[in-house]
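Have a look at the structure below, then the notes.
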Amino acid sequence: MSVIDTSRLVQFQSDARNLLDRVGSERNIRTDEDSVTGTTGDRVTLGQGGSEAVTYSDGVRQDTTESPYDLLRSRLVTLLQEQGVAVQISTGSSEIDISSLTPEEAQVLVAEDGYFGVEQTSERIFQFAVGFAGNDPSLLDEILKGIEDGFTGAEQAWGGKLPDISYQTQDAIMNKIDHWLEGAANA
């Protein structure tokens, strides 16, 4: 089992949140002094002395021509590569290179009927869990524990709450297990 250094993931999440906050609100706050000096950005003053004010930028966006999506994608690719994780994702019959994935392609993948959408993902997890238990309903507690442990581990790796699609997927898995148990009881 390989160990993933979560400190880079936490930094990535922080950068992503900052980027999304900045893009979402595009705040344009300027003080009277900024209007006079023509500077923008945050200011930090340390200590009580009359030191010179220094303006700094947030440093998240390195290329002003890069869209927020492209910036986020490039940060993710860099993070994965630094962790030794491949940037090729298998989608059953093909592979996707996330370093060149467009927003439209990403939307197709997570759409209702997409490969990473709720239905297909929950079906793959359900089939794996039930198959691993030998299709034996008497192992329900172990199946449920495995699924619970998987989602708990994902939350920990993500740094807390997962995206809503993950919880929708978890609910769909539980529904599939309920239907499987009903079928086993009626057999």
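Of everything listed in (1) surrounded by 10 or more Cβ atoms within 10 Å (Cβ to Cβ); (2) in contact with a Ser or Thr (Cβ under 9 Å, 6 or more places away or on another chain), the single unmet condition for Gly84 is (1).
Among the residues of segment 169-187, which ones are loosely packed, with under 15 Cβ neighbours inside 10 Å and not hydrophobic (A, V, I, L, M, F, W, C)?
Within segment 169-187, Asp171, Asn175, Asp178, His179, Glu182, Gly183, Asn186 qualify.
Residues that are touching a residue at least 12 places away in the same chain (Cβ under 8 Å) and surrounded by 14 or more Cβ atoms within 10 Å (Cβ to Cβ) were ranked within segment 139-165; the one that is farthest from Phe126 (Cα to Cα) is Trp158.
Taken as a whole, the structure leaves Leu71 outside the set of residues that are aliphatic (A, V, I, L, M), touching a Lys or Arg at 6+ places or on another chain (Cβ under 9 Å) and in contact (Cβ under 8 Å) with a residue 60 or more places away in the chain.
When the residues of segment 73-122 are filtered to those that are part of a strand (DSSP E or B) and touching an Asp or Glu at 6+ places or on another chain (Cβ under 7 Å), the one that is nearest to Ser166 (Cα to Cα) is Ile89.
Filtered by the rule that a residue be surrounded by fewer than 16 Cβ atoms within 10 Å (Cβ to Cβ) and within 23 Å of the chain's Cα centre (by Cα), segment 120-138 gives Glu123, Arg124, Phe128.
If the condition is being in contact with a helix residue (DSSP H, G or I) (Cβ under 7 Å, 6 or more places away or on another chain), surrounded by fewer than 17 Cβ atoms within 10 Å (Cβ to Cβ) and hydrophobic (A, V, I, L, M, F, W, C), then segment 99-115 contributes only Val110.
Of the residues Ala157, Ala133, Ala129, which single one is small (Gly, Ala, Ser), modelled with pLDDT of 90 or more and on the phi < 0 side of the Ramachandran plot?
On the way: Ala157 fails: modelled with pLDDT of 90 or more; Ala133 fails: modelled with pLDDT of 90 or more.
Result of the check over Ala157, Ala133, Ala129: Ala129.
Out of segment 167-187, which residues are out of contact with any helix residue (DSSP H, G or I) (no Cβ under 7 Å at 6 or more places or on another chain) and assigned to a helix (DSSP H, G or I)? Write out each step before concluding.
Applying the first criterion (out of contact with any helix residue (DSSP H, G or I) (no Cβ under 7 Å at 6 or more places or on another chain)) to segment 167-187 yields 167, 171, 174-175, 178-179, 182-183, 185-187.
Selection gives Tyr167, Asp171, Met174, Asn175, Asp178, His179, Glu182, Gly183, Ala185, Asn186.
Within segment 58-84, the set of residues being modelled with pLDDT of 80 or more and β-branched (Val, Ile, Thr) comprises Val77, Thr78.
On the stretch given as segment 100-138, residues that are among the hydrophobic types (A, V, I, L, M, F, W, C), free of Cβ contacts under 8 Å to residues at least 24 places away in the same chain and farther than 24 Å from Leu71 by Cα total 3. Take Val87 and tell me if it is β-branched (Val, Ile, Thr) and either in contact (Cβ under 8 Å) with a residue 24 or more places away in the chain or more than 30 Å from Asp70 (Cβ to Cβ) (or both). So Val87 fails the test.
The values are calculated or read from the model by the stated rules, or taken from the named source; none is laboratory data. This is a predicted model, so every value here is computed, not measured. Cβ sites come from the backbone with ideal geometry, for glycine too, and all protein chains shown count toward neighbours.
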